[in-house]
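**Q** Pasting in a structure now, in structure tokens, and then I'll have a few things to ask.
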Amino acid sequence: KNLDTLRLRGARALSGAIFSGLAGLTKLRVVEITGAHHNCGTLDGLRASAGTLRELTVDSCLGLEGDLSVLEHCADLECFSAAECRGLAGGLEPLARCARLEVLDVCCCSGMSGTLRPLEGLRNLKAVVLRGSRAEPARWRGPLPASLFANLDEHSKTSTIDLYFCPSLEGVLAALNRHEDVICDPDHVAAERRALAARRERDATAAARAA
């Protein structure tokens, strides 16, 4: 019960509800379980350690299911990385209470979707990876929160926002024009430029008619 750090890297051979086995641990600060390809349950097994958890890395756990609801109790969480966890579902809403979050990586989590509004109040974010893939574009939609730009300004030497293959996000062109640390799809940028040019043309035509 006093275990505070658990690292199981490349846990491909593990099977069963791995995270359920952590339910009796109440002092976990660092959990790193990567590469678990078989059914490994949900993140709910971490609920007992929610008050102490600082870092949670579950990259490439293809058998991980459920959503991020347990993370709304992890107020001191600083890093959450779930790259390529395609079985995860739902949105980022539980992260809105993770005020200390600095790193968020949900790259290629094709089962997740929603807006980035839950990130608006997270002032410590330095790295945000939302990247999808050409085969499975990320399903994040809506505008980029202005707070992400503020974080880039404050942590300009360490910050990264990866928006590659996120075709439904808005404001990517503005983000790219403002910061060189934004990674985005050239086709997405081109589409936004065309849309901006078309909007300006419509506005000019409307102004001319009004005159």
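**Q** Debye sum, Cα scatterers, the range 168-211, no solvent: what log₁₀ I/I(0) at q = 0.25 1/Å?
**A** -0.83
**Q** Within the P(r) computed for the range 86-207, what percentage of the Cα pairs occupies the region above 19 Å?
**A** When every Cα pair of the range 86-207 is considered, 48 percent fall beyond 19 Å.
**Q** Starting from the 7 Å offset along Cα-to-Cβ, what nm value, one decimal, do you get for the label separation of ALA146 and ALA75?
**A** 2.8
**Q** If I model a spin label at SER168 and GLU93 as a point 7 Å from the Cα along the Cα→Cβ vector, what separation in nanometres do I get?
**A** Those two pseudo-labels are separated by 1.6 nm.
**Q** Moving on to the next point. Which FRET efficiency value, to the nearest 0.05, is calculated for ARG100 and ALA190 with the Förster distance at 30 angstrom and r the Cβ-Cβ distance? Intermediate results must be reported in sequence, preceding the final value.
**A** Values: r = 37 Å, r/R0 = 1.24.
For R0 = 30 Å, the calculated efficiency reads 0.20.
**Q** Carbon and sulfur atoms: what percent of the 1.4 Å accessible area of the chain do they account for?
**A** 48
**Q** Further, regarding this structure: What ranking do 24-35, 59-70 get when scored by the average of other Cβ atoms within 10 Å per residue, highest first?
**A** 59-70, 24-35
**Q** Further question on the same structure: Which whole-number percentage describes the relative contact order of the range 68-130, with Cα contacts under 8 Å and a sequence gap of 6 or more?
**A** Relative contact order, the range 68-130: 37 percent.
**Q** Going by Cα centres, the range 1-73 and the range 153-205 are how many Å apart?
**A** What the calculation gives is 35 Å, centre to centre.
**Q** ILE183 to ALA210: extension gain in nm, 0.36 nm per residue of separation minus the Cα-Cα distance? Can you show the working numbers first?
**A** Working: separation 27, 0.36 × 27 = 9.72 nm, distance 4.05 nm.
The span from ILE183 to ALA210 would gain 5.7 nm if fully extended.
**Q** Compute the long axis of helix 186-210 from its Cα atoms, compare it with the longest principal axis of the Cα atoms of the chain, and write down the angle in degrees, 0 to 90, nearest 10.
**A** Tilt relative to the chain: about 40 degrees.
**Q** Testing the spin-label approximation: label points 7 Å from Cα along Cα→Cβ at HIS37 and ASN124. State their distance in nm.
**A** The two pseudo-label positions are separated by 3.6 nm.
**Q** Related question: Accessible area, 1.4 Å probe, largest first: how do ARG86, ARG209, ARG117, ARG131 sort? Provide the component values of the computation, followed by the final result.
**A** Details: ARG86 100, ARG209 200, ARG117 170, ARG131 75 Å².
Order by accessible area, largest first: ARG209, ARG117, ARG86, ARG131.
**Q** Can you give the relative contact order of the chain as a percent, counting alpha carbon pairs under 8 Å and 6+ residues apart?
**A** Result for the chain is 11 percent.
**Q** What is the range 88-211's relative contact order, in percent, from Cα pairs under 8 angstrom and six or more apart in sequence? Write down the numbers at each step before the final one.
**A** Values: 222 pairs, mean separation 24.4, N = 124.
Worked out over the range 88-211, it gives 20 percent.
**Q** Check which residues have an amide H placed less than 5 Å from CYS108's amide H, if you skip close sequence neighbours.
**A** GLU84, ARG131, GLY132
**Q** Roughly how many Å² is the accessible area per residue of the chain, as a whole number, for a 1.4 Å probe?
**A** Value for the chain: 50 Å² per residue.
The values are calculated or read from the model by the stated rules, or taken from the named source; none is laboratory data. All of these numbers come straight from a predicted model, not from anything done at the bench. Every residue, glycine among them, receives a Cβ derived from its backbone with ideal geometry; neighbour counts consider all protein chains shown. The protein model used for the area step is the full one, side chains on, heavy atoms only, and it has no ligands, DNA or RNA in it. Shrake-Rupley method; radii C 1.70, N 1.55, O 1.52, S 1.80 Å.
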